[in-house]
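Presented below is the structure to which this report refers.
The values are calculated or read from the model by the stated rules, or taken from the named source; none is laboratory data. All values reported here derive from a predicted model rather than from experimental measurement. Note that we place each Cβ from the backbone using ideal geometry, even for glycine, and neighbour counts take in every protein chain shown.
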Amino acid sequence: MTDNEIAGPPAQVVDSADVSERATLGAGTKIWHLAQVREDAVLGDNCIVGRGAYVGTGVRIGENTKIQNYALVYEPAELGRGVFIGPAVVLTNDTYPRSISPDGSLKSAHDWTPVGVTIQDGASIGARSVCVAPVTIGRWATIAAGAVVVKDVPAFALMAGVPARRIGWVGKAGHPLREQDGLWVCPDTGETYVQNGDELTESEENA
């Protein structure tokens with residue numbers, strides 16, 4: 001076992017990937033071609049980092065998370081368990097981006113304070129969408145492909161557009177929910193959910 005692996009089935013890193021010796025990779029995690037994982041990043045068990053993806057310094061990623069090809073996860077992002085990051089997704093970290101200061105001098109890493117995107121358990125971020133930090137994506141929410149998220153997203157929300165707005169609700173299986181008899185019902189699993197204002201919670205009937 002190397003210094004950047006957790007005990008258990010070994011992590012797999014292909015030769016063309018660039019993984020810092022100071023990164024921590026969970027058991028069974030796979031890092032694919034041309035991906036980069038920076039210093040002090042921590043990835044849980046059974047994660048997948050696709051071709052050309054980037055994981056920034058100190059980023060925290062929960063187990064069973066998939067980061068697809070060419071996605072950019074900039075620090076200080078925090079991803080929960082079972083998060084899906086689609087191809088070419090960008091999680092930003094600079095609210096007021098500038099290459100130079102007002103006097104024209106080149107900015108350094110010490111001239112700005114990075115802010116992160118937080119994605120809670122089970123949420124999915126669609127291909128080529130952008131999450132503009134600081135923002136929190138609630139658990140099991142789904143962000144449609146190409147959306148631009150500029151404000152916090154509630155749990156189970158289905159978001160689309162530029163800027164993204166809620167166009168419906170999704171269940172844990174990812175299917176859009178249907179309203180029936182005052183409840184929201186998953187057409188795939190039959191699980192039910194209760195809406196209270198702008199929030200959705202799981203029904204006690206699912207227990």
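Figure legend. Inter-residue proximity from the stretch 13-34: first residues of a type in the set (Val, Ile, Thr), second residues modelled with pLDDT under 95 and surrounded by 15 or more Cβ atoms within 10 Å (Cβ to Cβ), beta-carbon distance below 6 Å, spacing 6+ or different chains. Indicated pairs: Thr24/Asn4. Quick one: in the stretch 81-104, which of the residues that are farther than 18 Å from Cys131 by Cα and among the hydroxyl-bearing types (Ser, Thr, Tyr) is surrounded by the fewest Cβ atoms within 10 Å (Cβ to Cβ)? Among those residues, the one meeting the criterion is Ser99. The residue that is modelled with the highest pLDDT, among those in the stretch 105-125 that are part of a loop (DSSP other than H, G, I, E, B), surrounded by fewer than 20 Cβ atoms within 10 Å (Cβ to Cβ) and of a type in the set (Gly, Ala, Ser), is Ser105.
Consider Arg60 carefully, then state whether it is basic (Lys, Arg) and over 21 Å from Gln120 (Cα atoms). Outline the logic, then answer.
Numbers: basic (Lys, Arg): yes; over 21 Å from Gln120 (Cα atoms): no.
Against the criterion (basic (Lys, Arg) and over 21 Å from Gln120 (Cα atoms)), Arg60 does not qualify.
Taking the stretch 113-165 as the range and being touching a Pro at 6+ places or on another chain (Cβ under 8 Å) and farther than 19 Å from Ala71 by Cα as the test, the residues that pass are Gly138, Lys151, Leu158.
Across the stretch 1-58, what is the number of residues that are at pLDDT 95 or above and part of a loop (DSSP other than H, G, I, E, B)?
32
If the condition is being within 30 Å of Trp140 (Cβ to Cβ) and either out of contact with any strand residue (DSSP E or B) (no Cβ under 8 Å at 6 or more places or on another chain) or in a helix (DSSP H, G or I) (or both), then the stretch 91-104 contributes Asp94, Thr95. From the list Trp140, Trp112, the lone residue that is of a type outside the set (Val, Ile, Thr), within 21 Å of Val170 (Cβ to Cβ) and free of Cβ contacts under 8 Å to residues at least 40 places away in the same chain is Trp140. Scanning the stretch 140-165 for residues that are in a strand (DSSP E or B), surrounded by 16 or more Cβ atoms within 10 Å (Cβ to Cβ), more than 14 Å from the chain's Cα centre (by Cα) and not small (Gly, Ala, Ser) yields Leu158, Met159. If a residue has to be on the phi < 0 side of the Ramachandran plot and surrounded by fewer than 19 Cβ atoms within 10 Å (Cβ to Cβ) to count, how many in the stretch 127-138 make the cut? Within the stretch 127-138, residues that are on the phi < 0 side of the Ramachandran plot and surrounded by fewer than 19 Cβ atoms within 10 Å (Cβ to Cβ) number 2.
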